[in-house]
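Trainee: Before I ask anything, let me first share the structure, which is written out below as structure tokens.
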Amino acid sequence: MRLIDAARARLRLLFARRAAESRMNEEIRFHVEMEAGRIAREQGLAPDEARRRALVAFGGVERYKEELREGRGLAWLGGMRLDLKLGLRMMAKSPGLTLVGVVGMAVAIAIGAVTFGIIHNFIGVTLPLDDGDRLVAIQNVDARRNVEGDGTHLHDLAVWRGALGAVEALGAYRTVARNVISRDARPDPMRVVEMTASGFRIARVQPLLGRYFDDAEERPGAPPVVVIGYDVWQHRFAGEPDVVGRTIQLGATAHTIVGVMPRGFAFPVNNRVWTPLRLDPAAFTPGDAPPVQVFGRLAPGASLDDAQAQLTTIGKRLAADHPESHEHVRPRVLPYASAFFDSPELTWALYVVQAMVSMILVVIGTNVATLVYARTASRMGEIAVRTALGASRRRIVAQLFMEALVLSAAAAAVGL
């Protein structure tokens, strides 16, 4: 209870600082006048001389005031405003140091913020989708070269769909270049993604208009359909609400638009036009099928380790059944976004860049600190006067720290 009562008293003193200062000045004045009266009576001196001697006997009034303020606790917050004003005044008084310090640190902060932000996005990227961290990619790795396999996914996809219980809604996609023919008959090249319908299901994003295609429309011979993104809808169809059911020509084939996805949707990789993936594994021999990328979502309660354990077992069985194509193939499952940056060389390169940028920050920070120290050394006379007037070492250090903090804050605002 004593601690709580003391904290309450200190908070009252903090927010009633003017009243506390007034009481403190009145009490000190009372003691000085009492001592001056005693000296005048005993020594027969004039009031002015008696007051002067009373002040000399009393000692440094400002020092006692400083000690009383520190005894309140939290009183240092009250002095921050004064230190802040002094810091701003010192910045205006030394424009050269202010300009060099702010510009130097601002450039360093800008470089660091951008670089570290990019590195974080590469290393810790997560898809901006519902439970995006549970989306996974499945790859075949050639153990002889430790690189991704060459197009064996299409044949393995059917096996994985039937045996990989830890991953649901397995699907695949590939990106192709197509000329999109506008209504003015002007062809524009565009990256079109051929994707299984499961890609929309695992993304858990509903169309803005219409629907997305289903599994039946992936079969060869089904009517050609397409789902377009928000930007394509706006730029090529002026956002017309009756766009569903109209046609758009991709290459030599006219496709019926069945849906429009909302703004920002770009799964699997920054795509804006989606058509069904119509590749029949039976039409290709293992190893000769066009390369595709496989994705899925971890089943409820399943972890990445569970999926990898199941996939390893399936991979061993495929290697035993098809040694000519799978003897050196090792399937692996990893977070979907990591599949694009899962390279030891890239990781090390990012760490090297991070270390280099950190060294730049250290060099710039050291140079600015040297300038601040040089300015502080030139103010020894000012510091000596303040010490003689009763300022404590802690108070002077706090003021110098606040001046550096003001300079850093200005640089951070400009840099960010």
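The values are calculated or read from the model by the stated rules, or taken from the named source; none is laboratory data. Everything quoted here is computed from the prediction, not taken from an experiment. Cβ coordinates were reconstructed from backbone atoms using ideal geometry, including for glycine residues, and neighbour counts include every protein chain displayed. In case anyone asks, the SASA skips ligands and DNA or RNA and just uses the protein heavy atoms, side chains included. Shrake-Rupley method; radii C 1.70, N 1.55, O 1.52, S 1.80 Å.
Trainee: Go through region 224-238 and give me each residue that's farther than 11 Å from residue 209 by Cα and either at pLDDT below 90 or of a type in the set (Ser, Thr, Tyr) (or both). So that I can check it myself, show each step before the final result.
Mentor: As a first pass, look at region 224-238 and keep what is farther than 11 Å from residue 209 by Cα: 224-226, 231-232, 234-238.
235, 236, 237, 238 - these are the residues of region 224-238 that are farther than 11 Å from residue 209 by Cα and either at pLDDT below 90 or of a type in the set (Ser, Thr, Tyr) (or both).
Trainee: Now for a different question. Which is exposed (fewer than 13 other Cβ atoms within 10 Å of the Cβ) and modelled with pLDDT under 90, of 321, 288? Spell out how you get there, then give the answer.
Mentor: Values: 288 fails: exposed (fewer than 13 other Cβ atoms within 10 Å of the Cβ).
From the options 321, 288, the qualifying one is 321.
Trainee: Residue 256 - would you say it is part of a strand (DSSP E or B) and farther than 18 Å from residue 188 by Cβ? Show your work before the answer.
Mentor: On the way: part of a strand (DSSP E or B): yes; farther than 18 Å from residue 188 by Cβ: yes.
Yes: the conditions hold for residue 256.
Trainee: Among the listed residues 251, 259, identify the single one that is at pLDDT 90 or above and among the small types (Gly, Ala, Ser). I'd like the intermediate steps shown before the answer.
Mentor: Details: 251 fails: at pLDDT 90 or above.
Just one listed residue meets the conditions, 259.
Trainee: Name the residues in region 167-207 that are over 17 Å from residue 295 (Cα atoms) and either open to solvent by 80 Å² or more (accessible area, probe 1.4 Å) or among the small types (Gly, Ala, Ser) (or both), would you? Before you say what the answer is, go through the steps one by one.
Mentor: Here is the first cut: in region 167-207, the residues over 17 Å from residue 295 (Cα atoms) are 176-192, 206-207.
Selection gives 177, 178, 182, 183, 184, 185, 186, 189, 191, 206.
Trainee: Can you list residue pairs whose Cβ atoms sit under 9 Å apart, with the first residue in region 171-183 being farther than 18 Å from residue 237 by Cα and the second being modelled with pLDDT under 85 and open to solvent by 40 Å² or more (accessible area, probe 1.4 Å)? Count only pairs 6 or more apart in sequence or on different chains.
Mentor: 174/291
Trainee: While we're on this one: Of 347, 387, which residue is out of contact with any strand residue (DSSP E or B) (no Cβ under 6 Å at 6 or more places or on another chain), over 30 Å from residue 111 (Cα atoms) and open to solvent by 40 Å² or more (accessible area, probe 1.4 Å)?
Mentor: Details: 347 fails: over 30 Å from residue 111 (Cα atoms).
Result: 387 is the single residue among 347, 387 that is out of contact with any strand residue (DSSP E or B) (no Cβ under 6 Å at 6 or more places or on another chain), over 30 Å from residue 111 (Cα atoms) and open to solvent by 40 Å² or more (accessible area, probe 1.4 Å).
Trainee: Being out of contact with any Asp or Glu (no Cβ under 7 Å at 6 or more places or on another chain), modelled with pLDDT under 85 and among the aliphatic types (A, V, I, L, M) narrows it down to one of 377, 355, 409, 413, so name that one.
Mentor: Details: 355 fails: modelled with pLDDT under 85; 409 fails: modelled with pLDDT under 85; 413 fails: modelled with pLDDT under 85.
Answer to the selection: 377.
Trainee: I'm trying to understand the selection: among the residues of region 297-318, which are part of a loop (DSSP other than H, G, I, E, B) and either touching a residue at least 12 places away in the same chain (Cβ under 8 Å) or within 19 Å of residue 337 (Cβ to Cβ) (or both)? Break it down stepwise before answering.
Mentor: In the first step, residues of region 297-318 are kept if they are part of a loop (DSSP other than H, G, I, E, B); the result is 299-303.
Across region 297-318, the qualifying residues are 299, 302, 303.
Trainee: Kindly provide the set of residues from region 182-237 that are farther than 26 Å from residue 136 by Cβ and part of a strand (DSSP E or B), ordered by number.
Mentor: Within region 182-237, 187, 188, 189, 190, 209, 210, 225, 226, 228 qualify.
Residue by residue, here is whether (1) in a helix (DSSP H, G or I); (2) open to solvent by 50 Å² or more (accessible area, probe 1.4 Å) holds:
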position	(1), (2)
356	yes, yes
360	yes, yes
368	yes, no
391	no, no
400	yes, no
404	yes, no
407	yes, no
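Trainee: Moving on to the next point. Looking at 330, 375, which one is surrounded by 11 or more Cβ atoms within 10 Å (Cβ to Cβ) and within 25 Å of residue 172 (Cα to Cα)? Reasoning before the result, please.
Mentor: On the way: 375 fails: within 25 Å of residue 172 (Cα to Cα).
Matching residue, one of 330, 375: 330.
Trainee: For region 341-348, state whether one or more residues are β-branched (Val, Ile, Thr), more than 18 Å from residue 139 (Cβ to Cβ) and modelled with pLDDT under 85. Please lay out each step first, then the result.
Mentor: Filtering region 341-348 down to residues β-branched (Val, Ile, Thr) leaves 347.
Next, only the ones that are more than 18 Å from residue 139 (Cβ to Cβ) stay: none.
No, region 341-348 contains no residue that is β-branched (Val, Ile, Thr), more than 18 Å from residue 139 (Cβ to Cβ) and modelled with pLDDT under 85.
Trainee: Sort out for me the helices (runs of 4 or more DSSP H) sitting completely within region 2-75 that have 3 or more residues that are farther than 19 Å from residue 389 by Cβ, open to solvent by 80 Å² or more (accessible area, probe 1.4 Å) and at pLDDT 80 or above. Reasoning before the result, please.
Mentor: Numbers: elements: 2-15, 17-43, 47-58, 61-72.
Of the helices (runs of 4 or more DSSP H) lying wholly inside region 2-75, those with at least 3 residues that are farther than 19 Å from residue 389 by Cβ, open to solvent by 80 Å² or more (accessible area, probe 1.4 Å) and at pLDDT 80 or above span 17-43, 47-58.
Trainee: Under the condition of being open to solvent by 60 Å² or more (accessible area, probe 1.4 Å) and within 30 Å of the chain's Cα centre (by Cα), which residue from region 291-303 is nearest to residue 141 (Cα to Cα)? Outline the logic, then answer.
Mentor: So in region 291-303, the residues open to solvent by 60 Å² or more (accessible area, probe 1.4 Å) come out as 291, 293, 300-301.
Pick out the ones that are also within 30 Å of the chain's Cα centre (by Cα) and you get 293, 300-301.
On the way: 293: 13, 300: 26, 301: 26 Å.
Applying the filter and picking the extreme gives 293.
Trainee: From the list 239, 210, exactly one residue is open to solvent by 50 Å² or more (accessible area, probe 1.4 Å) and on the phi > 0 side of the Ramachandran plot. Which is it? Explain how you work it out, then say what you get.
Mentor: Values: 239 fails: open to solvent by 50 Å² or more (accessible area, probe 1.4 Å).
Of the residues listed, the single one that is open to solvent by 50 Å² or more (accessible area, probe 1.4 Å) and on the phi > 0 side of the Ramachandran plot is 210.
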